[in-house]
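Some notes on the structure that comes next.
The values are calculated or read from the model by the stated rules, or taken from the named source; none is laboratory data. Just so you know, these numbers come straight off a predicted model, no measurement behind them. Heads up, the Cβs are rebuilt from the backbone with ideal geometry, glycines too, and the neighbour counts pull from every protein chain shown.
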Amino acid sequence: MPVAQAGQSQADVFGQLYLVFLVLGTIVGTVVISYTVYNAYKYRTTVGDADGRYDVDEEELAETDDYDVARPRQGEIPTGQGKGGGKKLFMSFGISAFLVLGLIIYSYTMLLYVEDTGQGQGNAIEVDVEGYQFGWDYTYFEDEVSNDSQVLASSDYNATKLHPEADSDALVVPKGTTVRLDVTSRDVWHNYGIPEFRAKTDAIPGETTHTWFKAEKTGLYQANCYELCGQGHSNMNGDVLVVEKQRFIDWYTSQENTDASQIEFMEVSS
Amino acid sequence: MANIKLYTIIFVALGAISTTQFVVESVLPEGLYWFGLVAILALSTMKAFAVAGWYMHLREEPRSITYLAMAGVFCVLALTAGAGYSVV
Amino acid sequence: MSEHLPPKSSVKRWLVTTNHKDIGILYIITSLFFLIFGGILAFMIRVQMWNSGTVILSELGYNQVVTAHGLLMVFWFLSPFAFGLANYLVPLQIGADDLAFPRINAMSYWLYLFSGVILGISFFQGSTLPTGWTLYAPLNLPAFIPSVAELGAFSGILALAVFVASVTLGSVNFLTTMYRMRADGLRMRDVPLFSISILLTVWMMLFAFTALLAAILLLSFDHIFAGSAGSGFFGSSEGGSLLWTHLFWFFGHPEVYIVFFPALGAMAEIVQTFSGRRLVGRKWFIIAMALVAIQSFIVWMHHMFLTSINLPIKTVMMVTTIGISLPFDLMIFALIYTMIKGRVRWKTPFLFVLGAILLFILGGITGVFLGAIVLDYSFRGTYWVVAHFHYVMASGAVALIGGIYYWYPKITGKMYNEFLGKVHFAAAFVGFNLLYFPMFVVWETPRRWFHYEAGFTIWHQAASVGAFVFGASFLIMFYNLVASLYSDRVVDESPWAYTGSAEWSVSSPPPEGNFPGKPSFATGKLNFLDGAATDGGEADAKTDGGVATAADAIEQEADHTSWWPVILCTTGLITAVGISGLEESYFIWPFVFAIPFYIAFVGLRGASKDGFGVVHGLYLLLAGPLLAAFLLLFNLHHGIEAGFGQANTYFWVTLVGIISGVGALVGMGFESFFAPEPELAEQWPFEGVDNTKLGMWVFLSSDIVLFGAFIGSYIFMRLRAGWQDWWHIAHENGLAEHAVLPGLINTYILLASSFTVVLALAYAKRGDKLKTLAFLSATFVGGCLFLVNKGIEWVEYYFHFGWVFDSGPASVTYYLTTGLHAVHVVIGMLILLFLIARASRGAYWSEGETAHTVEYFGLYWHFVDIVWLFLFPLFYIL
């Protein structure tokens, strides 16, 4: 099975893992469901009750009963199973436990990558996201720069200039660079998610949560709200604009209130 | 009369423990806050056991009644510990 | 005393009945009504989803429909549907005449019905809750609910509160019944699987719903007292939102199993019967269920993987979550293997259960996807979740529908139409998959959105068609179930071969007393003993032919009717509707005014029941001046004329509701209602604890969780704010000083009142009436002193320091937790007044019943004392 490797994005990790789960899930589901229906069909019986009292005739069936299993009797205390079943039960339980535990341990290594090593320490664009009813505000490098006037906010720029179809307050990020998001909310609980990049996290008033992504293609994408947040929820989306690195650098440095030293790492690498 | 004597002793002891809690708080230096916290809560737990054991006659009931109450306590501890730990 | 039930054709019967079988039928019919209600809402969702942005509902309308659909299906359909069956079947399966507390059972039903009515009313108060069934904070607060929707939103919350009351009463009742009233020789492990599943369900209900109650009480406070953004309990930016999710999901995850377990029990019974084979690995099946029930309380944060909780706790929750999925594997395999070597008949009940198993397998596998946190991150808030939990929850519903077909002949004495049953199954199964499977395909649709990508349209339209087929299939069922009532397909004990449990050994429908004789398993199989003495001269309480049990006992027949449950619950309905529109400044007054009325009612009713005594005269004399005093206080606060003149209609509704409510409470308290305890029964592990005492302990155990959730919330907020900065923050918010001494004094007072209760009991046992009365009165005085001392403290903080309810997390937790405790003290004092009145006239004295009642009351009072023993350090010392 594929393992998470340095440089992979959340979208890569999700894609791999989802595929593994989907294939195994389909196989297991098909096998178990077929087996269930097969047995329900195979052991069918239709010996009608001559008196018409019961749906089948217990007594007549008992005469031809070759199986050593316990059949329910009216007014019984249900102890004792007869033969069969127990060993098989634990074997299939063991197999399913093994399968599930294996999958989860495997997926946990992916989680650790996503939560920790994948985020490209230091070399990332840091953006604060603040949800509100019904949109998103972005602030670049808010916690990193020493001077508040060097903070670039989405209200300060117009992303439409970069891309004619983009909203003016779109999130603008460079291709191939890790973007780390610190997400919160100013009113109610939202959830910030960019499905294309498999980045998603809750936007909770009073709390800050984190996620990250790395876009591999330029273009215009969408960020959605994934938690019911009021009347505009169904329309609460915003644009995410991915541009070439150089274009991002030019755009960022051309804005007022920015601190070019924050993106030095990009020029070095490119 | 034996019962009433026992109840009286327990009542006096409960009062004394409460006073102790109060005193511990007022004399303990700031640096020993966490020690005090544990001590005070332990004293409260002792009091609770005394009330439950003797006044509520848990000692004389089948043990299963104690387990029943403990099931509630288990839920509370799970919730408090889990929720508390998740934010510290 | 005993009055026979009116015939089934009379409306009166269904109002006064306390018989478990009648109440079971009422539950089933009512829940099916709510299924239609919730189903229509679901259909509106599917119409809205026909095309992206199709608009038949406004944004607010859509949010309401989404919310109400979820609430109705989970709370008002699924669980009560299962509990209709449970009400009917559990006593039959365990060999009991009825539930332990028949009147309380009736109250459970009426509270359930009326809570649903309140939710229905909320639609007409402008708008019902528009927050999603998870009610995430702070969207669930007045600050963020459109003003047009606030009334109805609060009604929705109150509906939940009333529903929880119903559930808690039901849990106490079922637990007591199942532990204390099993037929002789029927060990707990031998109880039929459906009843076992109900037992575990009520255990989870008892604790989980109490946590929800705590959340709802706190939320109600916010709705009454906190209007602006950022204020109140859950509005606090100091972790308020996150705290809501903790409390909600601590309830919400067990709730998933609460909904599903009865279905699992029905599946097990039906697979056994229609496979003609005892469940394979029965013991392990039960152990697996018990494990799930316990573990369900430690997995809740898997609903919160994307919140700000830390990675270690996420890991713990991932492990416990995976751990909880494994017992389900075992259970499903047990069901499948039972079919092998079976005598399988594809009758309607079996088809539904087989279908449910297949659906559950799919729901289970897609659930494992969600257990992998990395995948969960992306699935969060999408249709993957919607599809997954519908496959799980609705497969439970499908299994319970199988249960209805299975037990229909038992309940009605008639056989349903097999052909129509099969047609229903086919349509339901096809419709179900057509409805929910496409949701997996277009899982990227954000949840609760009605806009989606153009490419998804065909799949959403398939789902909408499926919804129509699935919904329409139920019309076949309704027709079948009604028409079959009038058919001539009469059944005797059992229409099915290979049935095992006791309900199939009696006629269909079973006789009023359930069994032809006293059921007993002592010989290893079910026998009905006749009414004659069975054990050293002790007689069966049900039949009349017995020997008296105690020297002076009067032979009594069990009661089966009472008007009080429906009356009391109706007053509850009126009060709840009133509260929904009660203004903040009026909030406390209806309840205050009800107190003198209560005292007067106890005096009047007591005098007429027990004969006039000094105490009754005292009560009547006291009530008037007390009312005058309260009116005087009201005058100081509002001005009598202005206050009453400006009070809105809701104030008057509340007042009428609560005053008639205390009247009904007193009426029920003085009614003599006889529900016999079986003398020969299997009572492990509660031998020697009588029903009422066990019921009290079960209730206290849930009350532990209620207070625990309040205290837990306090600890959560304090940890988040910085444990040792707490008082510092409080001082900044206006608390000039916090004194420990008043807390200490109240500790002494409460301990002393516990001491006097225990003395009252000691003297009651000795028959010393005068000292009993004296010590009960002393306890009442203790309660008064406690409240006065507390009142001084509150007045000092609130008015002198200006440290109001809303002055930050320290004040809101302090006032609410000590407030909840004070309410418990007040309730205890009101009960004391009742006890004192009764004891003064020596009611039941000769039978020693007063001693018992004093003991039960003592348990409550000591518990309230114990709570204070923890509030004292947490809110005063530390």
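Of note:
- C:Tyr383 falls short on exactly one of the conditions (1) out of contact with any strand residue (DSSP E or B) (no Cβ under 9 Å at 6 or more places or on another chain); (2) more than 7 Å from chain A (Cβ to nearest Cβ), and that condition is (1).
- Selection within the range B:14-32 - surrounded by fewer than 14 Cβ atoms within 10 Å (Cβ to Cβ) and either in contact with a Leu (Cβ under 6 Å, 6 or more places away or on another chain) or of a type outside the set (Val, Ile, Thr) (or both): B:Ala16, B:Ser26, B:Pro29, B:Glu30, B:Gly31, B:Leu32
- C:Ala397 more than 10 Å from chain A (Cβ to nearest Cβ) and either hydrophobic (A, V, I, L, M, F, W, C) or buried (at least 24 other Cβ atoms within 10 Å of the Cβ) (or both): yes
- For the range C:223-249, the set of residues classified as surrounded by fewer than 23 Cβ atoms within 10 Å (Cβ to Cβ), over 25 Å from C:Leu151 (Cβ atoms) and at the interface with chain A (Cβ under 10 Å from one of its Cβ atoms) consists of C:Ser237, C:Glu238, listed by residue number.
- The range C:546-597 - residue that is within 30 Å of C:Arg13 (Cα to Cα), of a type in the set (A, V, I, L, M, F, W, C) and modelled with pLDDT under 90 and, of those, surrounded by the fewest Cβ atoms within 10 Å (Cβ to Cβ): C:Ile554
- C:Ser58 being in contact (Cβ under 8 Å) with a residue 24 or more places away in the chain and hydroxyl-bearing (Ser, Thr, Tyr): no
- Conditions (1) within 14 Å of chain A (Cβ to nearest Cβ); (2) of a type in the set (Ser, Thr, Tyr); (3) farther than 26 Å from A:Ile204 by Cα; number of the one not met by C:Ser147: (3)
- Single residue of the range A:113-154 satisfying the filter (within 14 Å of chain C (Cβ to nearest Cβ) and surrounded by fewer than 15 Cβ atoms within 10 Å (Cβ to Cβ)) that is modelled with the lowest pLDDT: A:Thr117
- Scope the range A:23-39; condition without any contact (Cβ under 8 Å) to a residue 40 or more places away in the chain and facing chain C (nearest Cβ under 8 Å); matching residues: A:Gly25, A:Gly29, A:Val32, A:Ile33, A:Tyr35, A:Thr36, A:Val37, A:Asn39
- The range B:21-38, residues that are of a type outside the set (Phe, Trp, Tyr) and in contact with a Ser or Thr (Cβ under 9 Å, 6 or more places away or on another chain): B:Gln21
- Odd one out for C:Thr307 among (1) surrounded by 24 or more Cβ atoms within 10 Å (Cβ to Cβ); (2) under 30 Å from C:Leu141 (Cβ atoms); (3) of a type in the set (Ser, Thr, Tyr): (1)
- Test: residue in the range C:48-59 that is under 24 Å from the mean Cα position of the chain (by Cα) and either in the same structural domain as C:Thr457 (by TED's automatic domain parsing) or not small (Gly, Ala, Ser) (or both): no
- Pairs, first under 16 Å from C:Asn51 (Cβ atoms) in the range C:451-480, second in a helix (DSSP H, G or I) and among the charged types (D, E, K, R), C-beta under 6 Å, six or more apart: C:Ser464/C:Arg46; C:Ala467/C:Arg46
- Qualifying residue in the range C:195-202 (condition: away from chain B (no Cβ under 14 Å) and on the phi > 0 side of the Ramachandran plot): no
- Among the residues of the range C:711-722, those that are in a helix (DSSP H, G or I) and of a type outside the set (Lys, Arg) comprise C:Ile711, C:Gly712, C:Ser713, C:Tyr714, C:Ile715, C:Phe716, C:Met717, C:Leu719, C:Ala721.
- Residues of the range A:40-72 that are under 22 Å from C:Ile357 (Cα atoms) and either at the interface with chain C (Cβ under 7 Å from one of its Cβ atoms) or touching a Ser or Thr at 6+ places or on another chain (Cβ under 6 Å) (or both): A:Ala40, A:Tyr43, A:Arg44, A:Thr45, A:Arg71, A:Pro72.
- Take the conditions (1) more than 10 Å from chain A (Cβ to nearest Cβ); (2) crowded, with 22+ Cβ neighbours inside 10 Å; (3) within 30 Å of A:Ile105 (Cα to Cα); C:Ser378 misses just one of them, which is (1).
- Selection of the range A:15-59 for residues being under 40 Å from the mean Cα position of the chain (by Cα) and of a type in the set (Gly, Ala, Ser) yields A:Gly15, A:Gly25, A:Gly29, A:Ser34, A:Ala40.
- Qualifying residues in the range C:413-457 (those that are part of a helix (DSSP H, G or I) and in contact with a Gly (Cβ under 6 Å, 6 or more places away or on another chain)) - the one nearest to C:Ile401 (Cα to Cα): C:Phe429
- Considering the range C:331-348, and only residues there that are of a type outside the set (Val, Ile, Thr) and touching a Leu at 6+ places or on another chain (Cβ under 7 Å), the residue that is farthest from the other protein chains (Cβ to nearest Cβ) turns out to be C:Met331.
- Restricting attention to the range B:58-88 and to residues that are facing chain C (nearest Cβ under 8 Å) and assigned to a loop (DSSP other than H, G, I, E, B), the residue that is nearest to the chain's Cα centre (by Cα) turns out to be B:Glu61.
- Hits in the range A:24-56 (condition: outside any helix (DSSP H, G or I) and within 16 Å of C:Leu351 (Cβ to Cβ)): A:Tyr43, A:Arg44, A:Thr45, A:Thr46, A:Asp55, A:Val56
- Number of the condition not met by A:Thr79 [criteria: (1) at the interface with chain C (Cβ under 9 Å from one of its Cβ atoms); (2) modelled with pLDDT under 90; (3) over 22 Å from C:Ser505 (Cβ atoms)]: (3)
- Selection within the range A:42-70 - touching a strand residue (DSSP E or B) at 6+ places or on another chain (Cβ under 6 Å) and either in contact (Cβ under 8 Å) with a residue 12 or more places away in the chain or buried (at least 17 other Cβ atoms within 10 Å of the Cβ) (or both): A:Tyr43, A:Asp68, A:Val69, A:Ala70
- Residue match in the range C:561-576 (condition: touching a strand residue (DSSP E or B) at 6+ places or on another chain (Cβ under 7 Å) and of a type outside the set (D, E, K, R)): yes
- Within the range C:283-319, being within 14 Å of chain B (Cβ to nearest Cβ), within 26 Å of the chain's Cα centre (by Cα) and of a type in the set (Val, Ile, Thr) holds for C:Ile294, C:Ile298, C:Val299.
- Of everything listed in (1) of a type in the set (S, T, N, Q); (2) free of Cβ contacts under 8 Å to residues at least 60 places away in the same chain; (3) farther than 17 Å from C:Tyr814 by Cα, the single unmet condition for C:Ser753 is (2).
- Residue match in the range C:693-710 (condition: in a loop (DSSP other than H, G, I, E, B), more than 18 Å from the chain's Cα centre (by Cα) and charged (D, E, K, R)): no
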